[in-house]
Structures are given as C-alpha cells and as structure tokens.
Amino acid sequence: MEKNNDTNLTYYKSIEQQGYSRRDFLKFVAFIGAYMGVQSTALGQIAKALENTPRIPVIWEHFQECTCCSESFIRSDHPIVADIILDKISLDYTLTLMAASGHQAEAAKHATMEKYKGEYILCVEGSVPLGDNGNYCCIAGKSAIDILKESAAGAKAIIAWGTCATSGCVQAAKPNPTGAVPIEKIITDKPIINVPGCPPIGEVMAGVIVHLVAFGKIPELDRFRRPKAFYSKRVHDSCYRRPYFDAGLFAENFDDENAKKGYCLYKVGCKGPSTYNACGNMRWNGGVSYPIQSGHGCIGCSANNFWDAADSFYSRDLAIGGDAESNADKIGMAALGAVAAGVGIHAVASNISKRKDLTRRIEKGVENEKQIKED
C-alpha cells in the first residue's frame, strides 16, 4: 500500500493531492457528519480540523478473525472514506493492506511506535486466545497476547473493530477451546472504543476515526464502550417493518405469503428488538439495503455473546441482554384488538360526522329556499 510519509501533511492537503476538489471535500464533511449524528453547526469544526490536523499514525493489528471488518471498511460508499482513512491517516502497519511483509513490515511498526509514542491510534481486529499460553495465535514468533500488549503500551487510544475484538464472537462461543477473550479483558489502562458488528458498517468505522480527529477526544460511549452516535437505538426502532410488529402481523416462516408481503420477521428469529446498531438507518451497500430489508431477520451480531445467547439465529429466544417485547403472540392479539376497537370507533365517529354534515346541508337547503321565496 502506497503511503505519503509526510506525517505533517493535513487531511485536507492529502485529499487535495488525491485529486479531490474543495467541493468534494465539503461533501465528504457533510456525509460523514450526518452519519456521526452531529449538528449542522459542528460541520465547520469537522472541516477545520481536517484542514489543519496532521494525519494520525495508526497501527492496525489482526488476531483471531476473518478480516471482514477491513473488508467492510474499504468498501465504504464514499470514495474519500477509503482515501482519508486508509491512505491518509498514516496507516503505518496492517497485515492485510500494506505492501511490505516480514522484517520490513515489523520494522515499520516499531518505528511508528517509537516515534509517535503516546500519539498513535491502535486498531485491533479479532479476539485474543489465552489458552495454552497464547500459542493458538502467533505472528512472527510472538503470541497475540504479547503483540497486543506491546502495541497498546504507547497507544493514545484503542479501537476494537468488530464483535471478535469487542466480545469474542464465534471464537469465544462455547466451549471456547482457545480461551478467546475481547481486547478489553487484556488491556485495562487505555481508553477503548468498542465498535461491534460482524462486521461493523464501514461508515461507522470511518465516523469513529473522524470524530477522534475533529474533536480531539473519543466519542461519547455507552456502558459497553460503544459510540452512542451509532449504537444508542435498537434495530427494531428504525425498522421499516415495525408497523407490522405493532399490528401483530408476522411471517410464520420465510416462504409464506406473510413473508412475501414484508411482514415482521420476529417470529422467525429476528433479534432486532434486542440489538443496538445503526443498520436500519445507515444500511449497507451504499445505503441500499440491510439484512432485514433483504428478507432475513437480524441475528444480533453487535450484541455481547450473541453467538451463545440464543438457541439459534432462528429462535425467538431474546436472551441477548435486551429489553425486548417477550411474547409476539400476546402483542399481536392485543394489537389486533386495539386495531379492531379503533376501526369500530372510527366507524362510529365517521357516522356521527356524516350525520352532522347531512343535517347542516338540510338546514342550509331550507334557508336557501326561504331566501328564494322572500326574493
């Protein structure tokens, strides 16, 4: 991966050198600001920060994972996201994207760690195995545990990408043979931002880094260290199928008529009522779709321990630490009863309204006739 080694180069100058115009830059600021959920008055601050802030050195480690987080990141809908994040934040080390390898790659990482001690951002993708003294995951003769501790020692902050790094994901699923744990179980003396998802949305990942650059601090986090801007609402709350849930209209299986009509997927396992993520608002593939829209229920991939929390992706067990509605059947019956009552009330009200209108028209007709006779 080619990278400009001038770390004093600002983000805006880097973008200019990439061939983007001022107009492109401002579009990007508005784009990423909207995804970050900041007020329009803060867009100027983001633009100014990107214009004046030198690129932040970043080290990106990979442990037990499938690289889906990196794949999601580089497929962001906005081209500047890839350029500003991958090329222009001074991504000094990443096993997946850098051209160098072996001793050359390790030398580049250590040079960054020494030169920018206390300034660089450490991004981590994947869980870390503690079993067998860490021997289940070794890179260049070192265990993942040792690599993580070494890389984190001089980091300003740590971003844990994906559910593997934030809660262990499938590697930590029972019986967890490698003893996999999330990053926060090992590093306890550094600020950590958890960005869960399998994988997270690319624009969410970009928004977290831009927040660090623009405001000089980590974003506001919830009790699970997740950025509130992206994880404060349930998928259920922004789902376009929510009205069907409220009306008690559910698909009973994936190929029935109700599913074809777009009814709620709760009964076939959708974990949207207990999963906090931005999928329903931001969506995937350039904002075109997301799992529920494509016909599959949410599997709760951004929830802690989601792999073990339910019997299966298709069960209605909502043990994934949420406050979701517990019984769709009761809700459906109550909702249908309310709808029926509403229909009855509407019918009565409609008849009363029609009767009043008819009375007014008759009275007006009588008055008109009287007026004609008098004339």
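The values are calculated or read from the model by the stated rules, or taken from the named source; none is laboratory data. All of these numbers come straight from a predicted model, not from anything done at the bench. Neighbour counts run over all protein chains shown; Cβ positions are idealised from the backbone, glycine included.
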In the stretch 13-38, residues that are in contact with a helix residue (DSSP H, G or I) (Cβ under 7 Å, 6 or more places away or on another chain), modelled with pLDDT of 85 or more and of a type in the set (Gly, Ala, Ser) total 1
Of the residues 76, 127, 90, which single one is polar (S, T, N, Q), crowded, with 20+ Cβ neighbours inside 10 Å and at pLDDT 85 or above? 127
Single condition residue 41 does not satisfy, out of (1) closer than 30 Å to residue 290 by Cβ; (2) modelled with pLDDT under 85; (3) surrounded by 14 or more Cβ atoms within 10 Å (Cβ to Cβ): (3)
Say whether the condition of being closer than 30 Å to residue 283 by Cα and at pLDDT 90 or above is met by at least one residue in the stretch 140-158. yes
Counting only residues that are within 20 Å of residue 297 (Cα to Cα) and aromatic (Phe, Trp, Tyr), which one in the stretch 211-250 is surrounded by the fewest Cβ atoms within 10 Å (Cβ to Cβ)? 240
For the stretch 35-65, give me each residue that is among the charged types (D, E, K, R) and under 20 Å from the mean Cα position of the chain (by Cα). 65
Quick count over the stretch 218-248, residues being out of contact with any strand residue (DSSP E or B) (no Cβ under 9 Å at 6 or more places or on another chain) and free of Cβ contacts under 8 Å to residues at least 40 places away in the same chain, is 1
Conditions (1) closer than 28 Å to residue 37 by Cβ; (2) surrounded by 15 or more Cβ atoms within 10 Å (Cβ to Cβ); (3) modelled with pLDDT of 90 or more; (4) not aromatic (Phe, Trp, Tyr); number of the one not met by residue 281: (3)
One residue is enough: does the stretch 170-183 have a residue meeting the conditions over 23 Å from residue 117 (Cα atoms), among the β-branched types (Val, Ile, Thr), in contact (Cβ under 8 Å) with a residue 12 or more places away in the chain and crowded, with 24+ Cβ neighbours inside 10 Å? no
